[in-house]
1. With springs connecting C-alpha atoms under 10 Å apart, model the chain as a Gaussian network and identify which of VAL187, VAL94, VAL174 has the largest mean-square fluctuation.
2. From the phi of every residue in segment 273-287, what ³J(HN,Hα) in whole Hz does the Karplus formula 6.51 cos²θ - 1.76 cosθ + 1.60 yield, where θ is phi - 60° and glycine or proline is x?
3. For ALA381 and MET1, FRET efficiency with R0 = 51 Å and r from the beta-carbon atoms, rounded to 0.05?
4. Classify segment 1-145 as rounded, prolate or oblate from the Cα gyration tensor: take a ≥ b ≥ c as the square roots of its eigenvalues, call it rounded if a/c is under 1.5, otherwise prolate when a/b beats b/c and oblate if not.
5. Working out 0.36 nm times the residue gap between ARG83 and VAL71, then minus their Cα-Cα distance, what length gain in nm do you get to one decimal?
6. How far is it, in nm, from the label point at LEU367 to the one at HIS9 when both lie 7 Å from their Cα along the line to the Cβ?
7. Starting from the Cα gyration tensor of segment 272-342, take the square roots of the eigenvalues, sort them a ≥ b ≥ c, and report rounded, prolate or oblate (rounded when a/c is under 1.5, otherwise prolate if a/b is larger than b/c, else oblate).
8. Each residue of segment 222-236 in turn: what ³J(HN,Hα) in whole Hz from Karplus with 6.51, -1.76, 1.60 and θ = phi - 60°, glycine and Pro shown as x?
Amino acid sequence: MKISQRIAHSRPLATTAMHGRVESMRHAGEEVIDFSIAISHFPAPAAVLDAVGAAVGNVRTMPYTSVAGAVEVRERLCGKLARENGIAAGVDEVIVTNGAKQALYEALYAMSDPGDSVLIFKPHWPAYVATCQLLGLRPVLADLPGEVTPAYLAACEPARIVIINNPHNPTGKVYSRAELEAIRDWVQASGAQVIVDESYEHLSFGPAHTSFASLCDWRALGVVTIFSASQSYAMMGWRVGFALAPAPLVSAMQTLQGPITAAAGHLSQVATAAAFEAGVQRHMIDDYRERRDMVVRRFGDVPWIDMHSPDSGPYLWGDVRALTHDTVAFAEALIEEEQVAIMPGDALGVPGHIRIGYISDDVATLLEGVRRVIAFGDRRAALQ
């Protein structure tokens, strides 16, 4: 049996591979604490559950919609963009997708040709690099600084496309307005197009989130902005999201989506519209903030890790270079010895760091997992 060269040289995403490994171990009867990804312990908002329940009860046949999504759904998403993001858009500038990953793939496919360069700031969400590789693009990785300045951007390698993740996975950085304006001026001068991933827009613990598209002529610049319900609304398994882009780009993305998945499922679209009208889930943010502070305090006196307290998001990003730079080996030994799964920084472009998802379990399980990580690291430190 022949496997194509274009996929034979690709590897599964480290994030999904580790989570799949955890599921297999649990299926075999092992008790594993999974910090490798973030799956909220909260249910989807009541408004989403009510809307989907009503749709099931009132609609005998789930209809096909246009590939980009039902017009009514896109109208409601345009309302969200105006209300929350300060962006005026029409229905022909919105496409509903099966999660953020589909929007990312379609945007990169529609905006680029094989060999084009894509600037990605690291640490990075693994899907950015993996998607570029699948499409024959050239990822250009640059260290994400504490502050993005005009001088920093001027030193970056020129690229055809720039990916901005705001708020940022995994560091939790929330870009300031000044930083976004610096990026805007830089791409205007360079001619690069921009993909902005704003999947965590409602997961900030303090700093205000600003949409890049609200600060520029996004149609002229060819900006694509991606939104996801997964984390902001605790809807990871629902696989719903959407993208905002100039109408010609949405048309191109729709051309790609048509023969692959066609429209997102009818109930998914109902859920999408309801989710993005639900607003910030304050109870989730308050809970996550308490968990963040609790875990950061536990790591505070541990000499071999510098655990950063993020401004947003469901992850903690820890520097373990005092102990090891090989976090792949660290993660492998941890899951074998302590049955705790984490994400090694190597998978996100930065060895010597680890990513911990802290929103999944009850507090007792969370703290037990942290205890095991610390005990594991202490044992390794004692051997040095």
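1. It is VAL187.
2. 4, 5, 4, 6, 9, 7, x, 5, 8, 4, 5, 5, 4, 4, 5
3. Efficiency, rounded to the nearest 0.05: 0.60.
4. Taking the square roots of the gyration eigenvalues as a ≥ b ≥ c, segment 1-145 is oblate.
5. Extra length from ARG83 to VAL71 when fully extended: 2.5 nm.
6. Distance between label points: 5.1 nm.
7. Here segment 272-342 falls in the prolate category.
8. For segment 222-236, the Karplus-derived couplings read x, 8, 10, 10, 10, 10, 9, 7, 4, 8, 5, 10, 6, 10, 4 Hz, x marking Gly and Pro.
Coordinate-derived values only; no laboratory data. As the structure is a computational prediction, the values presented were derived from the model and not from experiment. Glycine gets a Cβ as well: all are built from the backbone with ideal geometry, and neighbour counts include every protein chain shown.
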